[in-house]
Structure formats: structure tokens, C-alpha cells
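Written out below as C-alpha cells is the structure these notes cover.
The values are calculated or read from the model by the stated rules, or taken from the named source; none is laboratory data. The model shown is predicted, which means the values in this text are computed figures rather than measured ones. Don't worry about glycine lacking a Cβ; one is built from the backbone with ideal geometry, like all the others, and counts go over all protein chains shown. Keep in mind that these areas ignore ligands, DNA and RNA; they rest on the heavy atoms of the full protein, side chains included. Shrake-Rupley method; radii C 1.70, N 1.55, O 1.52, S 1.80 Å.
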Amino acid sequence: AAAAGEGARGPSPAAVSLGLGVAVVSSLVNGSTFVLQKKGIVRAKRRGTSYLTDIVWWAGTIAMAVGQIGNFLAYTAVPTVLVTPLGALGVPFGSILASYLLKEKLNILGKLGCLLSCAGSVVLIIHSPKSESVTTQAELEEKLTNPVFVGYLCIVLLMLLLLIFWIAPAHGPTNIMVYISICSLLGSFTVPSTKGIGLAAQDILHNNPSSQRALCLCLVLLAVLGCSIIVQFRYINKALECFDSSVFGAIYYVVFTTLVLLASAILFREWSNVGLVDFLGMACGFTTVSVGIVLIQVFKEFNFNLGEMNKSNMKTD
């Protein structure tokens, strides 16, 4: 790992700090999108109109676009294995926002889950990879044509076709995992495409000899990214029409992050620059985040608070 770290060119500290800041802000913006879109859908149903006519839904949609642009900028400066898990910060923020806008419950365990999610994100930042394993367009092209990654994408594509054309029409409105699986599997295309566009753009802007080839690669990745985002957008709104926004957001985060990290590990191999201590630290951070999300969602229907707990203890005494 040490040898790999020496051979890879790491981003400057200023770029890493800026990337981290953009990633954190983007995660908070993304955390508000599902809540705002759900609020718009509810308002539109009450009026008997389409949610496309509701200003709150459009506010959520614009917030989603802003968050994705922020993610794009963060992916160009910070390793994918750090940016994606930081999306956890959007889950507690979305739950708090939903408790006000949608009147969804957030008890003491939910608040504890918010704290754990934030603490886990800090651990992820501390133990994240400090260098990039893919820094040029030539390296990117080599990784994209790797048989292992191509085979992985073929499996993902087959699963998407099965889910979209056979399973979703029959079971999508009743099983939340169907829509979540579609959106999360598409992350195997969106996140690597975003990272790849950033790398290809560097050659285009610097007018290198390979800029023409980089332009072709950039256009292909943009087409893949655009198609993936459109399909994701469609099924996210389908899910919000049928399911609770905070439940969808929490489960979506865990599944999406897991699949994106898997795709990034195969394509960019950023994990090769992580030592044993940092690997265990990131595993603990991701586990802490996941436990926090479970506390936010699984126990949200429990009606108790600290005051009731104190009264119960006094009666026992």
C-alpha cells in the first residue's frame, strides 16, 4: 500500500479541503431533495393536480441538480470512497427537515441516530485514502476496458433490465427495494462516469495532444451519465409517491453507497492506497453511519422521549 501511495499523485491539501467542503454541502442539499419533492407530491395530490405544477416539487428538483453538480466537483478533487459515504450527512438532515415539513416522527433514538451518522462521517474523513489511483485520461481508458469492470457492468445492466421491465411493473409500488435497487444499481454508472468526466475534462482544458480522444471519451461518459440520471430521477419520484421519504432516503443511502463503493473499488482501485488501520477505521465509520440510519428509521414509530423515561425510572424507584 505504501508503494502504491508513493506512485500515485495525490491532490493538494487545498484541493482536498475544498472537495471535502463541497461534498459536505452537497450531501446536505441532497438530503433536502426527497423531502421537498415528497412535500410537493403530497400538495399536488391534495389539489388533484400533477406534481409537475407544484413549486415545492420544483424546488426539490433544483436542489437535486445543485447537489449533483456539487458531487461532480467533489469527485474531481477527492477519492470516490470518501465522497459517497459522506452522503450520510444528508440522511439526518433530511429526517429533521421531514419532521417539520412532513410531520414525520423523530424521537430520541432518531436524534441519537443523527449524532452517530455525523460521528461516523468524521471517522470516514479521517481514515479516507489520501491519494488517487487514477489521475490521467490514459489510466482511465485502461481501467474502463478492464475485463473485470466490463463484466461487472454487464451483470449490472442485466439486473437493471430485469428490474425495470419485469419486476418493477408488478412489485414496485408494494416493495420499496425494487425502486431502490434500480436507483442504486444506476450508481454503478453515474459515479464512475462523473469521476471520468472530471479526468477527461482536464486533458480537454489543457489542450493536450490527446484532447480530441479525451473529448470523445467525455461525450460518451456524458451520454451515459445523462441517461442514468434521467432513469434515476423517474424511479425516485415513483418511490416517493408510494413510500415514506425518510425511509426511502435511509435505505437508498446504504444500498447506493455499498454498490458505488463496489464499482469504484473495481474501476479506480482506490482501496489499494488504504492501509490496514485506515481500512478498519473506514469500516467502523461506515458501520457507525449505518447503525445511526437504522436508529433514525426502524424506531421512528416508538412514541417516547427523555421525559417519559425519567418518569418511568421514578416510578420504578
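Summary table below
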item	result
Members of Lys39/Lys111; Lys38/Lys195; Lys111/Lys195; Lys143/Lys238; Lys45/Lys111 lying beyond 32 Å, as alpha-carbon distances in this model show	Lys111/Lys195; Lys143/Lys238
Per-residue ³J(HN,Hα) for the stretch 161-167, Karplus 6.51 cos²θ - 1.76 cosθ + 1.60, θ = phi - 60°, Hz, x for Gly and Pro	4, 5, 5, 6, 9, 10, 7
Surface per residue (accessible, 1.4 Å probe) for the stretch 171-293, Å²	41
Sequence ranges 276-289, 191-204, 172-185, ranked by mean other-Cβ count within 10 angstrom, highest first	191-204, 172-185, 276-289
